[in-house]
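Structure first, then comments.
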Number of protein chains: 4
Amino acid sequence: MDTLPDPKEQLAEARRQQILLGAARVFAEKGFHKATTRDIARAAGVSEGTIYNYFENKRDLLTAMVDQVAMDSLRQLFEAHPDDDLRQLLPALMHDRARLAMEHGLLLVPLLAEVFADEDLRQHLYRQIVLPNARRLEEYLQHQIEAGRVRPIDPVIVTRALIGALVSNMLIKLSHLDERYDRLSLDDLFQQLSTIFLDGLLAS
Amino acid sequence: MDTLPDPKEQLAEARRQQILLGAARVFAEKGFHKATTRDIARAAGVSEGTIYNYFENKRDLLTAMVDQVAMDSLRQLFEAHPDDDLRQLLPALMHDRARLAMEHGLLLVPLLAEVFADEDLRQHLYRQIVLPNARRLEEYLQHQIEAGRVRPIDPVIVTRALIGALVSNMLIKLSHLDERYDRLSLDDLFQQLSTIFLDGLLAS
Amino acid sequence: MDTLPDPKEQLAEARRQQILLGAARVFAEKGFHKATTRDIARAAGVSEGTIYNYFENKRDLLTAMVDQVAMDSLRQLFEAHPDDDLRQLLPALMHDRARLAMEHGLLLVPLLAEVFADEDLRQHLYRQIVLPNARRLEEYLQHQIEAGRVRPIDPVIVTRALIGALVSNMLIKLSHLDERYDRLSLDDLFQQLSTIFLDGLLAS
Amino acid sequence: MDTLPDPKEQLAEARRQQILLGAARVFAEKGFHKATTRDIARAAGVSEGTIYNYFENKRDLLTAMVDQVAMDSLRQLFEAHPDDDLRQLLPALMHDRARLAMEHGLLLVPLLAEVFADEDLRQHLYRQIVLPNARRLEEYLQHQIEAGRVRPIDPVIVTRALIGALVSNMLIKLSHLDERYDRLSLDDLFQQLSTIFLDGLLAS
DNA sequence: CATGAATGAGAATTCATTCAT
DNA sequence: CATGAATGAATTCTCATTCAT
């Protein structure tokens with residue numbers, strides 16, 4: 001229904017994906033700057049020139065990746081858990097985002113690197129990925145607050161706090177920066193994070 | 001007791017700082033990769049060659065900066081708030097880390113960029129800065145848990161969650177990524193973050 | 001009599017002209033080197049590949065243009081002014097060559113550029129265009145000298161002097177290099193150039 | 001008197017000349033576009049990087065050459081022949097310009113090529129070289145016209161006609177485009193050109 | 001130690017040309 | 001013949017690092 005599968009366009013899209021995948025692999029291994037277009041071409045199984053038939057320049061590969069990840073939004077999640085309370089939603093949400101992180105593998109790390117290094121890319125990522133997804137959670141929280149089921153805390157801050165808490169823990173786990181995380185299952189991690197955010201630290 | 005102020009060494013140390021400061025300024029403005037040694041030399045008021053009398057290479061400037069930041073540890077904070085409960089400690093801790101971020105200004109952003117891009121630097125930063133500071137909080141939390149004042153939640157996870165929540169919010173605020181943060185004082189931000197972590201989201 | 005209009009060949013010739021025209025337009029606008037085959041294909045309304053069905057390579061387009069211009073020779077002019085004396089012939093000749101320049105527009109400039117840059121092309125142009133046309137004037141001058149109506153000056157030198165004088169003035173006028181030429185009609189220009197060559201500078 | 005010979009600056013100027021000379025040699029041999037920076041570096045006996053310490057980019061080498069040639073102006077000539085009439089001045093002037101052409105050798109040809117190809121360079125050359133030199137001759141002619149020794153013909157046109165006549169003949173001779181020029185001495189060439197411009201073609 | 005000119009490896013990008021469809 | 005995606009050689013320019021002065 002979206003687009004008729006014009007065979008030509010389909011082929012082009014496949015090529016795009018092929019190149020993007022190759023680039024992702026090389027970026028994940030060497031980081032953006034140390035990845036040469038030669039590396040990328042080789043990894044994607046095309047010639048260097050072909051890359052430029054599908055992307056403006058090397059940086060454009062990054063931007064395209066951001067948009068790629070952005071496609072995979074939270075919409076389905078919220079539709080699948082319409083009226084759940086936070087106790088069910090929060091772990092599910094973490095699982096979903098974690099699944100995304102695992103799918104895109106360590107590509108996330110070099111992507112983040114460039115996001116920090118590049119003002120424009122940072123804005124691009126924030127607007128394309130963070131904001132649209134965050135907004136759903138914000139709205140959900142707002143409803144819960146109005147229903148009296150959640151403390152009156154700024155949903156914007158909560159959302160970013162959640163993202164930060166999740167990302168930092170995932171990063172440490174995936175990068176094997178701290179061996180204590182190697183003995184910790186993702187389920188346990190999400191469970192504990194959920195508890196923190198739901199019930200707070202203080203013993204009641 | 002540490003080092004007698006050998007006048008020669010003092011001069012050298014001053015020079016080091018001078019270069020580091022210049023580098024920090026340029027990194028903050030252009031990011032690590034777009035900062036040329038020429039820029040740095042100019043900003044520091046020395047010649048390019050002189051940089052290499054004090055630092056191995058350009059990347060070493062980054063490493064040195066990490067160590068610089070690391071010096072400024074949490075030690076004093078915990079000594080100043082020995083027996084405080086979390087309600088006092090948490091906002092103070094955030095203020096302290098935020099002060100650090102403001103002091104080093106947006107240098108943090110390019111620093112983070114390279115931290116993500118560079119495996120070794122990532123480990124270096126984690127071990128030199130994150131771990132030592134985190135450990136103090138972990139220990140503190142452990143004591144509080146044992147004393148029954150805090151829920152039995154893994155202090156390691158809590159600590160990283162706190163760091164992530166704080167860093168993500170600060171980053172958005174300092175980078176002006178989201179205009180809603182422009183109307184939010186740091187005090188309010190810290191207050192809300194503290195509440196989230198202390199009391200949780202759920203209405204009691 | 002030359003070639004029977006074989007409909008197939010006619011179509012091919014039309015295509016050739018179509019491509020050549022597109023190339024001329026692009027060359028005139030961007031110069032030879034900055035004109036890409038893609039530009040040319042687009043301007044000619046064909047695909048890049050098609051260009052290579054009609055021309056060996058990009059440079060061949062230039063050579064073909066030279067020959068194109070060469071077709072338009074002075075023959076008719078001399079046939080139309082058989083017995084005129086130099087006083088009539090010279091301005092007519094300048095007009096004719098100027099008309100040619102205007103017709104081919106500023107294509108001449110990038111063409112000249114490559115002529116200077118490319119030894120082979122330079123010879124090609126000299127032999128295909130300059131020599132055949134110049135020879136007619138040389139012969140005419142030779143007759144006039146033998147008839148005592150023109151000073152005994154080397155017709156070869158005179159001819160090149162005339163060409164140079166005409167081309168340099170036209171170039172400055174067409175390229176708007178000198179605003180004083182903007183207030184000068186072509187007629188006046190040719191009149192003055194003719195006077196110089198006919199009567200010389202010295203007051204008699 | 002112009003500049004105190006600062007030894008450092010002198011060295012730098014020598015380097016500049018060294019690079020310019022190398023570039024001139026390569027340009028003369030291969031033309032501007034086919035000359036690689038590698039070629040130029042090798043010909044100049046420096047590394048590629050060094051070129052860029054003295055010139056903005058490859059094209060800047062051309063611009064610098066234009067200015068170099070421009071230095072060598074007609075001033076001395078007019079000062080040496082203050083009150084001469086055209087009969088002496090014209091051949092002297094041609095000799096002088098021809099000497100210049102010989103000195104800079106066939107560098108002129110690739111220079112001209114780029115002048116035709118590059119709008120900006122064309123203006124640069126016209127203003128830096130042609131205009132200043134032409135103006136002296138124009139003024140001289142104006143005086144002679146007012147004194148009644150030269151016909152009242154636009155000095156601007158005459159000057160460009162002279163330049164064109166000289167350049168075209170020289171180019172053919174130096175490029176060996178026409179074997180008839182191989183049997184013609186420069187002196188004879190200049191003598192005939194002078195006669196044409198002074199006395200005109202028509203037998204008196 | 002300070003200097004900054006010289007170095008040259010390295011990399012992104014372009015584009016004429018080919019060729020399978 | 002027409003197409004245009006794929007190719008990859010070729011080239012300019014940058015910049016971290018060295019080292020003679």
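The values are calculated or read from the model by the stated rules, or taken from the named source; none is laboratory data. No experiment lies behind these values; they were computed from the predicted model shown. Glycine gets a Cβ as well: all are built from the backbone with ideal geometry, and neighbour counts include every protein chain shown. The area values use the complete protein model at the heavy-atom level, side chains included, leaving out ligands, DNA and RNA. Shrake-Rupley method; radii C 1.70, N 1.55, O 1.52, S 1.80 Å.
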What per residue convex hull volume, in Å³, do the alpha-carbon atoms of the stretch B:87-204 yield?
122 Å³
What span do the alpha-carbon atoms of chain B cover on each of the three principal axes, reported in whole Å from largest to smallest?
63, 47, 29
Skipping prolines and chain starts, which residues have an amide H placed within reach, meaning under 5 Å, of the one on A:Val150, given they are 5 or more residues away or on another chain?
A:Ile145, B:Ala203
Using only the alpha carbons, work out the radius of gyration and Dmax of the protein assembly as shown in angstrom.
39.4, 128
Considering only the label points, 7 Å along Cα→Cβ from Cα, what distances in nm to one decimal separate B:Pro132 from the same position in each other copy, shortest first?
4.4, 6.5, 8.7
With the alpha-carbon atoms as the only input, what is the per residue convex hull volume for the stretch C:7-55 in Å³?
59 Å³
Using alpha-carbon coordinates, inclination of helix D:108-117 to the longest axis of chain D, degrees
90 degrees
Label-point separation in nm, A:Gln191 to C:His176, each point 7 Å along Cα→Cβ
7.9 nm
From the residues B:Leu137, B:Ala113, B:Ala101, which one has its Cα farthest along the dipole of chain B in the positive direction, the dipole being from +1 and -1 charges on Cβ of Lys/Arg and Asp/Glu about the Cα centre?
B:Ala113
Checked against the positive end of the charge dipole of the stretch A:7-55 (+1 on Cβ of Lys and Arg, -1 on Cβ of Asp and Glu, about the Cα centre), the farthest of A:Ile19, A:Ala44, A:His33 is A:His33
What is the helix-to-structure angle for B:131-146, meaning the angle in degrees between its Cα long axis and the longest Cα principal axis of chain B, kept from 0 to 90 and rounded to the nearest 10?
10 degrees
Using a 1.4 Å probe on the protein heavy atoms only, what accessible surface does D:His95 show? Give it in Å² to the nearest 10.
80 Å²
Taking the axis that carries chain B onto chain C, what is the nearest Cβ in chain B, and at how many Å, to the whole number?
B:Lys34, 14
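On alpha carbon coordinates alone, what is the Rg over Rh value for the stretch B:96-164, Rh being the Kirkwood radius? Could the numbers behind the result be given before it?
Details: Rg = 14.4 Å, Rh = 13.5 Å.
Here the Rg-to-Rh quotient is 1.06.
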Sequence neighbours fewer than 8 away in the same chain don't count; with that in mind, list the lysines whose C-alpha is under 18 Å from A:Lys34.
A:Lys58, B:Lys34, B:Lys58
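Could you give the size of the charge dipole of the stretch B:67-199 about its Cα centre, using +1 on the Cβ of each K and R and -1 on the Cβ of each D and E, expressed in debye and rounded to the nearest 20?
Numbers: 14 positive and 22 negative charges, 36 e Å.
So the magnitude is around 180 debye.
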If I build a Gaussian network model for chain B, linking alpha-carbon pairs within less than 10 angstrom, which residue out of B:Leu100, B:Leu189, B:Leu77 has the largest mean-square fluctuation?
B:Leu77
Using alpha-carbon coordinates, inclination of helix A:86-103 to the longest axis of chain A, degrees:
20 degrees
at A:His95 the sorted inter-copy label distances (label 7 Å from Cα on Cβ side), in nanometres, are 4.2, 9.3, 10.0
List, largest first, the extents of the alpha carbons of the stretch A:136-204 along their principal axes, each in whole Å.
42, 28, 17
